[in-house]
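This report concerns only the one structure given below.
What follows is calculated from the coordinates using simple rules that are stated; it is not laboratory data. Model, not experiment: these values are computed from the prediction. Heads up, the Cβs are rebuilt from the backbone with ideal geometry, glycines too, and the neighbour counts pull from every protein chain shown.
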Amino acid sequence: MLDIQIFRDDPDRIRADFSKRGIDGSIIDEVLLLDDRWREVRFEVDQLRKSRNSAARMISEAKKKGDEGEVKSILGEVSNLGSKIESLEEEAERLISKRDSIRMQIPNLLHEAVPTGENDQKNVEISRHGESPIFNFEPKTHNELIEMNRWVDLPRAGKITGSRQYFLMGDLARLEMALQQYSADFLIDRGYTLVQPPLMMNRKAYEGVTDLSDFETVMYGIEPDGYYLIATSEHPLTAMMMDEVIEPANLPIKMVGVSPCFRREVGAHGMSDRGIWRVHQFTKVEQVIICKPEESWGYHTELLGNAKDLWDSLGLHYRVVDICTGDIGTVASRKYDLEAWLPGAGEFKEVVSCSNCTDYQANRLKMRYRKSGGNEAVHTLNSTAVATSRALVAIIEQYQTNNGAVIVPDVLIPWMRGKKILEPNQ
RNA sequence: GCAGACGUCGCAUAGCCUGGUAUUGCGCCGGAUUUGAAAUCCGGUGUCCCUUGGACUCGGGAGUUCGAAUCUCUCCGUCUGCGCCA
């Protein structure tokens with residue numbers, strides 16, 4: 001959510017962003033209109049309350065003097081104030097909640113360098129890393145390999161739950177746990193605090209961290225308690241300090257979250273999203289930073305650097321992409337993706353997303369840090385380290401061998417108790 | 001699930017019974033003093049609208065009242081005990 005002060009002081013800045021994104025800016029004027037009217041009504045209410053307060057004080061004085069006549073006469077003067085105030089308060093409440101429900105739908109201001117474009121086709125490749133593996137055979141897709149090695153059982157998961165569910169079995173399940181442990185340790189070594197968050201959140205906290213439309217398309221609701229299963233540990237980790245004023249000495253807060261992630265994945269997806277590429281549940285190791293505004297772009301680079309170093313250490317070939325205006329979404333001000341090379345599929349596909357959300361989530365969450373001259377919203381950043389299901393796909397496809405076996409990346413071997421090759425499941 | 005206690009400004013704490021401007025300490029910010037620092041002293045330190053100024057704020061909401069941190073109801077959370085349980 002954008003600071004209301006930006007609407008008042010510099011609405012053209014928001015309008016400029018809207019035109020970059022190619023969306024209609026008339027709701028900006030609606031916010032301004034509602035804000036003006038709210039402030040008028042608010043002023044009127046304050047004036048009425050002022051006279052009520054002074055009357056209350058005078059009654060107190062008169063009672064101390066024992067002057068009952070005076071008390072009665074003041075009571076007569078202010079008897080209708082209560083209902084007047086009440087109705088104006090209702091009006092003010094209506095105006096500000098309308099104002100803010102619109103404000104909640106307005107996306108974050110973009111970093112000036114975000115490339116302009118309508119959709120993901122216009123994302124800009126920044127760099128490539130690692131080597132594309134060279135095969136003397138036709139590389140298979142991950143879904144062929146997991147099926148022939150019986151590492152994943154999709155039909156039976158479909159039977160007991162539904163589509164896009166899976167049993168992960170045998171050596172691939174071990175590799176999944178190895179990836180979690182290795183990636184978490186990788187970031188712990190860089191000063192990040194390991195956090196295992198609640199896997200459900202209430203509506204209020206969740207609205208603080210995500211686009212409202214995600215409640216329809218992304219999150220699972222839990223009834224009868226009205227909770228939502230988290231779509232990523234970014235959400236509980238970022239919302240953790242909701243409604244708090246953070247002491248500057250405690251910043252930056254650097255965390256590495258590990259959790260299952262739940263996603264409804266509503267909508268049609270292509271055939272290339274078969275196997276375990278796009279599923280309703282996966283584990284993710286996530287980096288989250290809460291920091292002072294002036295430090296956030298530096299930390300954005302740090303998060304991207306961590307992700308690159310981690311993927312380099314796994315020996316995987318990938319590229320970094322600068323996400324354009326049409327693909328960046330509501331919350332981020334700037335976003336980079338890592339896209340891993342999938343030799344079986346013959347394309348680069350998204351495995352990491354690294355965002356600076358500036359003060360957008362912090363404003364929604366009322367998350368500030370102490371600052372002389374007025375507390376200020378913090379900045380929040382997040383980046384995938386590894387989403388295990390997708391990292392497994394990248395490893396399976398890049399480390400596959402002629403006979404369909406998969407070599408374990410060197411750094412994961414200790415976590416596999418020395419095992420160097422994934423064996424087929426019985 | 002049952003019973004009880006509790007929730008006050010960043011933290012801690014008083015006020016609640018008996019309704020009438022939210023106390024004090026710590027921390028933080030500014031200033032004085034100092035060669036510098038410590039110590040000490042003074043002032044400030046939540047939110048909103050701002051026009052001198054005003055209004056709001058005691059977990060959230062509602063009620064009673066001229067007036068609610070204080071009384072009533074309700075919801076939420078924390079803690080303790082009992083029960084159940086990996």
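Using r as the Cβ-Cβ distance of A:T401 and A:R156, and R0 as 30 Å, what FRET efficiency do you calculate, to the nearest 0.05?
FRET efficiency, A:T401 to A:R156: 0.65.
Under 22 Å Cα to Cα from A:K349, which lysines show up? Leave out anything in the same chain fewer than 8 places away.
A:K122, A:K140, A:K284, A:K308, A:K335
Report Rg (one decimal) and Dmax (nearest whole number) for chain A, counting Cα atoms only, units Å.
27.3, 105
Considering Cα pairs under 8 angstrom that are at least six residues apart, work out the relative contact order of chain A and quote it in whole percent.
Rounded, it is 21 percent for chain A.
Please find the FRET efficiency linking A:A16 to A:E295, where r is the Cβ-Cβ separation and R0 is fixed at 25 Å, and quote it to the nearest 0.05.
0.50
To make sure I understand, if each residue's beta carbon is the centre and we count other beta carbons within 10 Å, what order do A:I188, A:I59 fall in, fewest to most?
Least to most surrounded, the residues fall as A:I188, A:I59.
Measure off 7 Å from each Cα along the Cα-to-Cβ vector at A:E244 and A:Q196, then give the distance between these two points in nanometres to one decimal.
If labels sit at A:E244 and A:Q196, their model points lie 2.0 nm apart.
List A:H317, A:H129, A:H269 from most exposed to least, where exposure is judged by having the fewest other Cβ atoms within 10 Å.
By the 10 Å Cβ count, ascending, the order reads A:H269, A:H129, A:H317.
Please report how far the C-alpha centroid of the stretch A:202-271 lies from that of the stretch A:307-332, rounded to the nearest whole angstrom.
If you average the Cα positions of each part, the centres end up 20 Å apart.
Which of A:D171, A:D153 has the fewest other C-beta atoms within 10 Å, and how do the rest follow up to the most?
By the 10 Å Cβ count, ascending: A:D153, A:D171.
Taking the Cα centre of the stretch A:4-103 as origin, work out the dipole magnitude from +1 charges on Lys and Arg Cβ and -1 charges on Asp and Glu Cβ, in debye rounded to 20.
Here the stretch A:4-103 has a charge dipole of around 280 debye.
Restricting attention to the stretch A:133-190, which chymotrypsin sites (Phe, Trp or Tyr not before Pro) occupy a DSSP loop and are surrounded by at most 16 other Cβ atoms within 10 Å?
Those satisfying the criteria are A:F135, A:F137.
For chain A, take the longest principal axis of its alpha carbons; what is the angle in degrees between that and the long axis of helix A:26-65, to the nearest 10 within 0 to 90?
Around 40 degrees separate the two axes.
Rounded to the nearest Å, what's the spacing between the alpha carbon centres of the stretch A:137-177 and the stretch A:72-98? Just the number, please.
Using only Cα atoms to place each centre, the spacing works out to 65 Å.
Would you calculate, for chain A, the mean residue ellipticity at 222 nm contributed by helices, counting each DSSP H stretch of 4 or more residues as -39,500 (n - 2.57) and dividing by all residues, to the nearest 500?
-13000 deg cm²/dmol
Going 7 Å from the Cα of A:R278 toward and past its Cβ, which residues in the stretch A:227-243 have a backbone nitrogen under 19 Å from where you end up?
Answer for this model: A:231-232.
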